[in-house]
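The numbers here are math on the coordinates, done by the rules we state, and not lab data. Note that this is a predicted model, so its numbers are computed, not measured. We place every Cβ from the backbone using ideal geometry, glycine too, and count neighbours over all the protein chains shown.
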Amino acid sequence: MASLLATALACTNFFVSLNSVLLAPAFAQNTNPTENKTWVELSARASEIDTRTKSYPDIDFLLERNNKPTDMGHACVLPSTSKPNSPQKQNKLVIWMMGHSPELFHFLADQGFHVLRVHYANGWFNRFGKDPHPEDPMALGRIRLEAATGEDHSPLVTIDHPDGMQERARQFLLWLHQNDPESHWNQFLDENSQIRWDQVIMSGASHGATTSARFAIHQRVARVVMFCGPRDQYETWQSLDSATPRERFFGFSHILDSGWSGDHYCRSWELLGLNSYGPIVNADMLPPPYEFSRRIITNANVDGDEKRAHSCITPGKAAIRNKDGSYSHDPVWKYLFTHPTELTGSPSATDPDCTKNHLPKP
């Protein structure tokens, strides 16, 4: 069975559950519409990998909803059988802190990354995130950190260790290595089977970008890529001392996104200290390397659609495309994930037009 599985991994797209192997021979579409590729794609439920996991109905963090699983993890990588034009392996793992996006996963795999996402607690925002906390200016940040680590950081929620992103990602890596050893998922685990965070890129969109940033302040990682984020415009955790060097944080937003027009993102970027590494650069006006900046924006045409502005900055159906069908922001994404972090732009002043205080007036 092991040899058959290895052959299937090398030859075709496939999805794996803990209890069965399902071969999906159809080719997935690469971001380049003229080229077909095969990716190794795996999925499994957290509750089948680790029986310690459970639901948290009070914060809408469930294993199932309407008898359908919600705890699915997804992973993607190029096959280990390299072709002459295959990209160089990055030897980096991207942990995506948002919903599964096949287009994004394929793009990152095509750059030589291993990519995964796990289901973690993010439904709590509807309960706690609408208004500023009356006493704690870091209340949401504490919830985010508990959701990411499964450790006790917030008095508002209780999320056990097996259900933090950190442990679910570790268990998923162990499972991936067992089911797909040819892809070398174990390179991201140390001799004690703990995640090698120095080989991990944290990334997400919107609230996923926000939790990625909060986790990276707590845990040193290789890089942080924040699409349309961070949010938490009432909070100050963004200015905490960071375990991850600040030049490793990269942000990208559309100017019609309400988080940008409302000064949420520019505020977070400055609190993170990203103005020390270059000006805000419009990627539609300057080519890479964007003055080595960590703050990239776009004003690409979305016909005034604020919702599309929020989602067009990652690979997917809403993304901006060139006439030939290729992604317009392909160079931006490559820069965000691969630009050498030691190469930084010149410091720039804080933006006087970016509102820093969003708290309601008494």
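Values computed for the structure shown
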{"item": "Debye log10 I(q)/I(0) for the chain, one point scatterer per Cα, at q = 0.10, 0.11, 0.12, 0.13 Å⁻¹", "result": "-0.61, -0.75, -0.89, -1.06"}
{"item": "Rg/Rh (Cα only; Kirkwood hydrodynamic radius) as it applies to the range 239-344", "result": "0.97"}
{"item": "The chain: DSSP helices with Cα axial extent of at least 30 Å and average Kyte-Doolittle hydropathy no lower than 0.0", "result": "none"}
{"item": "Dipole of the range 2-338, positive direction: furthest Cα of 75, 338, 287, with charges on the beta-carbon", "result": "287"}
{"item": "Potential extension, residue 100-residue 161 segment - 0.36 nm per residue separation minus Cα distance", "result": "19.7 nm"}
{"item": "Cross-link partners of residue 307 among lysines (Cα-Cα below 24 Å; sequence separation of 8 or more within a chain)", "result": "130, 317, 323, 334, 356"}
{"item": "Relative contact order, percent, the chain [alpha-carbon distance under 8 Å, six or more residues apart]", "result": "12 percent"}
{"item": "Stretchable slack from residue 192 to residue 356, in nm (0.36 nm times residue separation minus alpha-carbon distance)", "result": "54.7 nm"}
{"item": "Longest to shortest principal axis, alpha-carbon extents of the range 161-215, angstrom", "result": "33, 22, 19"}
{"item": "Computed FRET value (nearest 0.05) for residue 151 with residue 182, which takes r as the C-beta separation and R₀ as 41 Å", "result": "0.75"}
{"item": "Förster radius 30 Å - calculated FRET efficiency between residue 60 and residue 346, Cβ distance, rounded to 0.05", "result": "0.10"}
{"item": "FRET efficiency, residue 261 to residue 131 (Cβ-Cβ, R0 22 Å, nearest 0.05)", "result": "0.60"}
{"item": "Protection proxy ranking, peptides 343-351, 127-135, 211-219, average beta carbon neighbours within 10 Å, highest first", "result": "211-219, 343-351, 127-135"}
